[in-house]
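The values are calculated or read from the model by the stated rules, or taken from the named source; none is laboratory data. Worth saying up front: this structure is predicted, and the values here are computed from it rather than measured. As a convention, Cβ positions derive from the backbone with ideal geometry for all residues, glycine included, and neighbour counts pool all protein chains shown. What goes into the accessible areas is simple: the full protein's heavy atoms, side chains included, and nothing from ligands, DNA or RNA. Shrake-Rupley method; radii C 1.70, N 1.55, O 1.52, S 1.80 Å.
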Amino acid sequence: MTRSESSKKTNLFLILGSIFLTNAILAEIIGVKIFSAEKTFGFDPVNWTFFDEYVLDFNLTAGAVIWPIVFITTDIINEYFGKKGVRKVSFITAGLIAYIFLVITVVTKLVPADFWLDVNAVTPSGEEFDISYAFNTIFRQGLGIIVGSLTAFLLGQLVDVFVFQRLRAVTGPKMIWLRATGSTLISQFFDSFVVLGIAFYLFGNWSISQVVAVGIINYVYKFVVAVILTPLLYVGHGMIDKYLGKELAEKMMKEASADRTFL
């Protein structure tokens, strides 16, 4: 490999890794907000009933909005850098997410300055406002959510890369949509249910039926959006092939598809 090719390969990994890392971390931070998908688009809540007990709507975490970008980036990294590339960026991201949670835990313990409380004590409409309470509520997450999200994230990534490579062994370099959607279909099943099971069943007070009900909503959303965004995978693939050049792109994809182990 020439110096130019090595530089292009390194630059590509840095760009893809940065996109992956930024969106994964941002999704964890903004995920504390729950929004109504139906009301956002001007519809009434669907009020679906599961197990004759839970009425569910498409109420999703704000992090779910950008999470499909992580799916797409994972598949592109997998396409050109294989299992090792996805594993490297996934463990780096998981470590940084853990670091962020640790820092947030520490800073929410700091005693707020009196003037900061005073200048933010009233909302524009004249209502009393406790900014320290709001800050801690928004940023601090429970141990169950932290453990659940990190476990689900890593498990989902490992399953995704494994299924992606298995499908690539069958399809070859063609049918990107099949290995992308196929790996997402399976990996996000684990991601959607593991985080809820750990955070709200093992560490919380949810029943199994409620975990399953909410997990279905999350899973359906993630998969549907991932399918809708599949054309972006082809756009990204085309841009990267043009940047790398046909010969280098094919060489990298061939090397990436050689390792089909799970870990």
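Screening the stretch 146-166 for residues that are of a type in the set (Phe, Trp, Tyr) and open to solvent by less than 10 Å² (accessible area, probe 1.4 Å) and picking the one that is nearest to Leu229 (Cα to Cα) gives Phe164. Candidates Ala169, Ala256: the one that is crowded, with 18+ Cβ neighbours inside 10 Å, touching a residue at least 24 places away in the same chain (Cβ under 8 Å) and not β-branched (Val, Ile, Thr) is Ala256.
Answer with yes or no whether Phe193 is within 21 Å of Glu28 (Cβ to Cβ), in contact with a Phe, Trp or Tyr (Cβ under 6 Å, 6 or more places away or on another chain) and surrounded by 18 or more Cβ atoms within 10 Å (Cβ to Cβ). So Phe193 fails the test. Screening Gln141 against (1) touching a Gly at 6+ places or on another chain (Cβ under 7 Å); (2) not in a helix (DSSP H, G or I) leaves a single unmet condition, (1).
Return yes when Val89 is more than 19 Å from Thr137 (Cβ to Cβ), in contact (Cβ under 8 Å) with a residue 60 or more places away in the chain and out of contact with any strand residue (DSSP E or B) (no Cβ under 9 Å at 6 or more places or on another chain) and no when it is not. Here the answer is yes, as Val89 does meet what is asked.
Kindly indicate whether any position in the stretch 227-237 is over 19 Å from the mean Cα position of the chain (by Cα), open to solvent by less than 60 Å² (accessible area, probe 1.4 Å) and either charged (D, E, K, R) or within 30 Å of Thr10 (Cα to Cα) (or both). Yes, there is a match, as at least one residue in the stretch 227-237 is over 19 Å from the mean Cα position of the chain (by Cα), open to solvent by less than 60 Å² (accessible area, probe 1.4 Å) and either charged (D, E, K, R) or within 30 Å of Thr10 (Cα to Cα) (or both).
Taking the stretch 101-145 as the range and being surrounded by 14 or more Cβ atoms within 10 Å (Cβ to Cβ), within 24 Å of Gly204 (Cβ to Cβ) and of a type in the set (S, T, N, Q) as the test, the residues that pass are Thr105, Thr108, Asn136, Gln141.
Table: residues versus (1) within 19 Å of Val225 (Cβ to Cβ); (2) open to solvent by less than 60 Å² (accessible area, probe 1.4 Å); (3) of a type in the set (Phe, Trp, Tyr); (4) in a helix (DSSP H, G or I).
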position	(1), (2), (3), (4)
Thr10	no, no, no, yes
Phe13	no, yes, yes, yes
Leu16	no, yes, no, yes
Thr22	yes, no, no, yes
Ile25	no, yes, no, yes
Glu38	yes, yes, no, yes
Phe43	yes, no, yes, no
Thr49	no, no, no, no
